[in-house]
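One structure below.
The values are calculated or read from the model by the stated rules, or taken from the named source; none is laboratory data. Note that the coordinates shown come from a computational prediction; the quantities given were computed from them, not determined experimentally. Cβ atoms come from the backbone with ideal geometry, glycine included; neighbour counts cover every protein chain shown. Areas reflect the complete protein model, heavy atoms only, side chains present, ligands, DNA and RNA absent. Shrake-Rupley method; radii C 1.70, N 1.55, O 1.52, S 1.80 Å.
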Amino acid sequence: MKNEMKKAVLFILVLLAAQAVQAEKVLSISLNIYKNDSVDVNYLKVGENRPTRYVVDGDYRVQLLSSTGEVVWNKTIQIMFMVFTDPPEPIDPSLVNLEIKYEQDMRRINLYNKDKLIYSQEIKGCNLNGVCETKYESYLSCPADCPLDRKDGICIKNGDGICDPDCLPGADPDCAKKEQDERGTQYLISGLVIAVVIAAAFSVYNRRKKGSGAE
Amino acid sequence: MQDKKIRVIALLAVFSLTLVISPACALNPEMLSEDEYVNAYFSIYGDYIAGNGNISREEIGDIVEYYLTSKDLAGNLYVTGQKSGRMIGSILADSGVVFDCGVCGSGVLNSKCCIYRAGQEPMMYECVGTEVRGVNNYTWKEIYQCTFGCCANRCCRDNTNATTTTSPGTTTTLSIPVTTTQPAVTTTSSTTTTIPASTTTSTTSTISEPKLVVLFVPVDWTGGMDDFGSKATEHANFLVEHIPLKDCPTQMKAINVKVSCDIGLPMNSAECINNALQILQAIGACARASGEEYDYVVGLTDKDVCGATAGFSVYGTGVVFSESDAQITPHELGHEWNLVEEYVDACRCLGFTRADNCLDQYIGGSDPMLPYTSDYCAGGSACAGRAVTCQGNLNPSNGRCIMSYADAKEPREFCKHCWAHLLKIDFLTC
């Protein structure tokens, strides 16, 4: 009966894992914005997370355009050049992170300060050049350039048999399995090496013994 | 020692007798119905709680252990029965641990529950919705079991309104304790301490995604992960109890990362603030490396870093940093939700003219911090830059608003203006 309970719990966990696998794709945007309107991109790539649901209206506007130039996402946001602490301190640059529900046809991001375009960037997604450009590409948009076993800044931890090097220790169960396998292989190799050394030593000893017997 | 054995045997006899005289009973425990077992158990346990017959906690444990280990009765009962949600879930087969509803030692039904373990101090925990709070490092089995001993927002001894499941696939109202720490499975990097993200196979239930998911990340954490779990739980509980989701707390899910995010926090306030963006970015990177999905990230540390700074945030990042007491988390998240500081007349002196929680002289907003005067606060005309000049608005419990400074007068709650603002944010309301 205890086994049944374990099975039940495992079933539940499998359901949860299945749910996690179906996580929502988002366009993850992280930008450093300076008071002088220059912008640095930290990343602009497809990830998996919950979409940002709360932004305050302000002077800045983020726009996402499709391949035909159609605006598919548009929101005004507030950027505060201030760290909230005791007391609040001014900062420059400020940082904005947004997670926007991803649509295949999102091709360009524009950022305006009031009506002035201060940043425009193609959403690359994938350029198939064999290099994982971690600012713009991820396994989710470009598995060819960013296979799961290569770093792309996004941890995908669920049951694919591949250890994702982006995950924290313990986050991806596949990494534990990989570690175990590697350890097993190491033990096997060490064992073989020791066996070969012993055999060689034994063989040398026997030859010497025979040699000294012949004299 | 001999006396103790005799007492245990006597108690076992009484327990068996209780079973015998209960209707449709059987002497063989394996033949017992759940009702019979539960009634018999509580007959004895009721005496223990009431202090009748001088029954000790250890003796109760012995009784439980005897029946459970000798006949594997618990396995039969608490897995398969139709009423598994009853306090049959109070009995653990493996360890002789006893759960009960009510504050430790009282047995009065409320949201508090107690765990009695032989040789240890009773430990209080709490049922909020189907969630167990206040216990850390419990195996999946214990949490599973304990959760099934909860009704909505309180512990329960019967299955009225209880969240029960009979078997996978026939779930009625299933909220699953999402714990990723399981025995015999490699430790994972995170554990969910607050429930919902549930799934269901039922067509009748209406379980949705939680409205708010907060990821707690240990930052340069020097203590054990158990300590972190406790601290994160404390912060999560305080948070959900002080936002409009308090009326449906299972709509908030808190996830704890279980590996320290070592970023080398600076030791003084100035360096902290100068590097605030980098710190928040590093915490955000750790959050992404957890593989979890979340709305907000709270970085917590147990080190005394950043000097006098108890926490900080930069609006729009979705990441906040907190070093100290539990009220810091809703304060910093309050900024993410567009609330401004109340230890300074931010609307007048810092330019936040459109903020909803300006200092209000009718609810204490003109009370100054010495050596400043009320002229620096609500209704005044003086400003002192960004200095801490005011006490903040009073909250409905006559303490100061959470958006005031860290050590302001308790009890800490949001003031009515903050509350009205939070009520406008759809994912913070039930």
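Need the full-extension length gain, A:LYS116 to A:ARG53, defined as separation in residues times 0.36 nm minus the C-alpha distance. One decimal, nm.
Details: separation 63, 0.36 × 63 = 22.68 nm, distance 2.51 nm.
That pair, A:LYS116 and A:ARG53, stretches by 20.2 nm at full extension.
Ordered from highest to lowest accessible area with the whole protein assembly present and a 1.4 Å probe, A:TYR43, B:TYR376 read as B:TYR376, A:TYR43. Each other residue within a Cβ distance under 11 Å of B:THR317 adds +1 if Lys or Arg and -1 if Asp or Glu, for a net charge of -2.
For B:GLU342, the residues whose modelled amide H falls within less than 5 Å of its own, excluding neighbours fewer than 5 places apart on the same chain, are B:SER404. Calculate, for A:GLU24 and B:ASP407, the FRET efficiency according to 1/(1 + (r/R0)^6) with r their C-beta to C-beta distance and R0 25 Å; round to the nearest 0.05. For A:GLU24 and B:ASP407, the calculated efficiency is 0.05.
Here A:VAL39 sits with roughly 30 square angstrom of accessible surface, probe radius 1.4 Å.
Chains A and B: what accessible area do they bury, summed, in square angstrom to the nearest 100, with a 1.4 Å probe?
Details: alone 14540 and 19140 Å², together 28210 Å².
Between A and B, the summed buried area is about 5500 Å².
Estimated from the Cβ-Cβ distance and a Förster radius of 41 angstrom, the FRET efficiency linking B:GLU241 and A:ASN129 is about 0.20. Measuring only protein heavy atoms, the 1.4 Å probe finds B:SER230 accessible over about 50 Å².
Of interest is the spacing of the C-alpha centroids, which for the stretch A:146-160 and the stretch B:269-347 amounts to 28 Å.
Using 0.36 nm times the number of residues separating A:LYS151 and A:SER203, minus their current alpha carbon distance, what extension gain do you get? Stretched out fully, the A:LYS151 to A:SER203 stretch lengthens by 13.9 nm. Taking A:ARG108, B:ARG354 and ordering them by how much accessible surface each has at a 1.4 Å probe, largest first, produces B:ARG354, A:ARG108.
Go through A:SER141, B:SER381, B:SER313 and list them by solvent-accessible area, largest first, probe radius 1.4 Å. Spell out each step's value before the answer.
Details: A:SER141 30, B:SER381 95, B:SER313 0 Å².
Result of the area sort, largest leading: B:SER381, A:SER141, B:SER313.
Rounded to the nearest 0.05, what FRET efficiency do B:GLU271 and A:LEU192 give with R0 = 51 Å and r taken as the Cβ-Cβ distance? Could you check?
Numbers: r = 53 Å, r/R0 = 1.04.
Here the calculated transfer efficiency is 0.45.
Residue pairs exceeding 24 angstrom between C-alpha atoms, taken from A:LYS101/A:LYS135; A:LYS101/B:LYS246; B:LYS231/B:LYS303; A:LYS157/B:LYS424: A:LYS101/B:LYS246; A:LYS157/B:LYS424. Of the whole protein surface, B:CYS383 contributes about 70 Å² of accessible area at a 1.4 Å probe radius.
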